[in-house]
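Engineer: I'd like to ask some things about the structure below.
Any read-out appearing in this document is the output of simple, stated calculations on the displayed coordinates, not a laboratory observation. Treat the numbers as computed from the prediction; the structure is a model and nothing was measured. Cβ coordinates were reconstructed from backbone atoms using ideal geometry, including for glycine residues, and neighbour counts include every protein chain displayed.
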Ligand SMILES: [Zn+2]
């Protein structure tokens, strides 16, 4: 009987430890008030784009890993082969907490997905082999989310993507007003999209570029492949060039035209015909000019809070006079073949202004919470062992 009670107290202690560690011991951050982009100049991520250098990329795909414990079928090689066949230039395999693939290849980009918590707060990590294994398992507070980003940056400041924020509301639009320390947001993922989250970050003056991925889990299921992609402007599809272009935002996302239950051969034939692309985006004085390779059914320009500023129909190009009230402007275009392009924003900046401060750890609040956590734990142990020793 005593043994049973002891086991009960130990199991309870383990759960309590998880709770105390996540909600009492995690550093508490002070977040600054969100400020929209401002300044006399516009940053143009496409300033150096070369229209003949767009590389088609998928950064998020799972195959069988960890002895089949995680969701994924097929092998690393199957996955790379099928994406290469479809015409992709970059095709990462991003298993949970595991980097795999042909390290000797010039175009190999290490990738993994970080996170095994309840709310699917996942991060796509590109360009590093250093894996961070820590996580907060229970629904995460804003401080938990920021601390996880800080840990990932500490392990390696490679390219960090907040994956599929809309899934289980892992990252709410409100979070994006405050979080810092990531580079991209997986706005396009399978059939789930996270535009309110992205516009929330941009409206709060946070530089965040769009990433489009399949998040496929079976390379032999054509329905999971080629749903979304990221086009990156790089002379060669190498790790250095691709990551450098992603960091500049010299890339854009695409929802690819989809036909249900196609065979992979049919899909390959269709994909090999190519897709519309961005030819140029320029800003001269106050005028923004965008030109696509083909006529679009519609081109929409969106600004602060994702509000539509203007819409053009049946044209390959758009011209827009930037007003003093425009903080950022991003474009979306729908094409007759069913594909949709989502450009990264042009946004205001002040070259003389200091860089945005990152959220800071509030040491007083952190100390007090930790003290409270220790007290809760001590009280639990005290009453727990009295309960075990009870006659
Ligand atoms: Zn995920």
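Engineer: Please identify, among 330, 360, 28, the residue showing maximal mean-square fluctuation in a Gaussian network model of the chain using a 10 angstrom Cα cutoff.
Structural biologist: It is 360.
Engineer: Another question, if that's okay. What distance in nm separates the two pseudo spin-label positions at residue 120 and residue 150, each 7 Å out from Cα along the beta-carbon direction?
Structural biologist: Placing both labels 7 Å beyond Cα along the Cβ direction yields 2.8 nm.
Engineer: Can you tell me the orientation of helix 363-389 relative to the chain, as the angle in degrees between its alpha-carbon axis and the longest Cα principal axis, to the nearest 10?
Structural biologist: 40
Engineer: What full-extension length gain, to one decimal in nm, is calculated for residue 47 and residue 258 as 0.36 nm per residue of separation minus the Cα-Cα distance? Please report the intermediate quantities before stating the final value.
Structural biologist: Numbers: separation 211, 0.36 × 211 = 75.96 nm, distance 3.10 nm.
Once the chain is fully extended between residue 47 and residue 258, it gains 72.9 nm.
Engineer: Taking only Cα atoms of the stretch 63-152, what ratio of Rg to Rh do you get with Rh as the Kirkwood inverse-distance radius?
Structural biologist: Numbers: Rg = 14.5 Å, Rh = 14.3 Å.
Here the Rg-to-Rh quotient is 1.01.
Engineer: Counting each DSSP H run of 4 or more residues in the chain as -39500 (n - 2.57), what helix-only mean residue ellipticity at 222 nm follows after dividing by all residues, to the nearest 500 deg cm²/dmol?
Structural biologist: On the way: 7 runs with 98 residues, N = 391.
Computed ellipticity for the chain at 222 nm equals -8000 deg cm²/dmol.
Engineer: What do you get for the angle between helix 142-155 and the principal long axis of the chain? Use alpha-carbon atoms, 0 to 90 degrees, nearest ten.
Structural biologist: 80
Engineer: Say R0 is 22 Å: what FRET efficiency, to the nearest 0.05, do residue 235 and residue 106 get from their beta-carbon distance? Write out the running numbers ahead of the final one.
Structural biologist: On the way: r = 13 Å, r/R0 = 0.59.
For residue 235 and residue 106, the calculated efficiency is 0.95.
Engineer: If I take R0 = 41 Å and measure r between the Cβ atoms of residue 17 and residue 350 in this structure, what FRET efficiency does the formula 1/(1 + (r/R0)^6) give, to the nearest 0.05? Provide the component values of the computation, followed by the final result.
Structural biologist: On the way: r = 47 Å, r/R0 = 1.14.
In this case the efficiency is close to 0.30.
Engineer: Enumerate the whole-percent occupancy of each 10 Å bin, from 0 to the last occupied one, for all C-alpha pair distances of the chain.
Structural biologist: Binned Cα distances yield the sequence 5, 21, 29, 23, 13, 6, 3, 1, 0.
Engineer: Any idea what log10 I(q)/I(0) is at q = 0.12 Å⁻¹ for the stretch 266-389, Debye with uniform C-alpha scatterers and no solvent?
Structural biologist: Scattering profile of the stretch 266-389, log10 relative to I(0): -0.63.
Engineer: Kirkwood Rh over alpha-carbon pairs of the stretch 1-146, then Stokes-Einstein at 20 °C and 1.002 mPa s: what D in µm² s⁻¹, rounded to an integer? Please report the intermediate quantities before stating the final value.
Structural biologist: On the way: Rh = 19.4 Å.
Rounded, D is 111 µm²/s.
Engineer: Using 0.36 nm per residue, how much length does the chain from residue 280 to residue 368 gain when fully extended, once their Cα-Cα distance is taken away?
Structural biologist: On the way: separation 88, 0.36 × 88 = 31.68 nm, distance 5.37 nm.
That pair, residue 280 and residue 368, stretches by 26.3 nm at full extension.
Engineer: Another one. Under 10 Å, Cα contacts only: if you run a Gaussian network model on the chain, which one of 170, 253, 373 comes out with the highest mean-square fluctuation?
Structural biologist: The residue that fluctuates most here is 373.
Engineer: Provide the packing ranking of 78-84, 50-56, i.e. peptides ordered by the mean count of other C-beta atoms within 10 Å per residue, highest first. Don't skip to the answer; put the middle values down first.
Structural biologist: Values: 78-84: 20.0, 50-56: 16.6.
By packing density, highest mean first, the sequence is 78-84, 50-56.
Engineer: Related question: Taking other Cβ within 10 Å of each residue's Cβ, how do 311, 177, 145, 285 sort, fewest first?
Structural biologist: Numbers: 311 12, 177 19, 145 24, 285 6.
Listed from fewest to most nearby Cβ atoms, that is 285, 311, 177, 145.
Engineer: Also: Using the Cα gyration tensor of the stretch 333-379, with a ≥ b ≥ c the square roots of its eigenvalues, what is the shape: rounded (a/c below 1.5), prolate (a/b larger than b/c) or oblate (neither)?
Structural biologist: On the way: a/c = 12.28, a/b = 2.06, b/c = 5.97.
Oblate, since a/c reaches 1.5 and b/c is not below a/b.
Engineer: Highest mean first, how do 195-201, 230-236, 4-10 rank when packing is the count of other Cβ atoms within 10 Å averaged over residues? Provide the component values of the computation, followed by the final result.
Structural biologist: Working: 195-201: 23.0, 230-236: 20.7, 4-10: 13.3.
Per-residue mean Cβ counts within 10 Å order the peptides as 195-201, 230-236, 4-10.
Engineer: A further question on this structure: Using r as the Cβ-Cβ distance of residue 273 and residue 309, and R0 as 35 Å, what FRET efficiency do you calculate, to the nearest 0.05?
Structural biologist: Working: r = 33 Å, r/R0 = 0.93.
Here the calculated transfer efficiency is 0.60.
Engineer: Considering only C-alpha atoms, what is the centroid distance from the stretch 209-261 to the stretch 310-362, in Å?
Structural biologist: Taking the Cα centre of each part, the stretch 209-261 and the stretch 310-362 sit 20 Å apart.
Engineer: Calculate, in nm to one decimal, what residue 191 and residue 317 gain on full extension: separation in residues at 0.36 nm each, minus their alpha carbon distance. All intermediate terms of the calculation are to be shown ahead of the outcome.
Structural biologist: Working: separation 126, 0.36 × 126 = 45.36 nm, distance 2.75 nm.
The span from residue 191 to residue 317 would gain 42.6 nm if fully extended.
Engineer: For a quick check, take a GNM of the chain with Cα springs below 10 Å and name the residue from 100, 375, 157 with the largest mean-square fluctuation.
Structural biologist: Evaluated over the chain, the most mobile residue of the options is 375.
Engineer: Right, something else. Hey, rough spin-label estimate for residue 7 and residue 38, points 7 angstrom out along Cα→Cβ, what's it come to in nanometres?
Structural biologist: Distance between the two pseudo-spin positions: 6.3 nm.
Engineer: Report, in degrees rounded to the nearest 10, the 0 to 90 angle that the Cα long axis of helix 239-248 makes with the longest principal axis of the chain.
Structural biologist: 90
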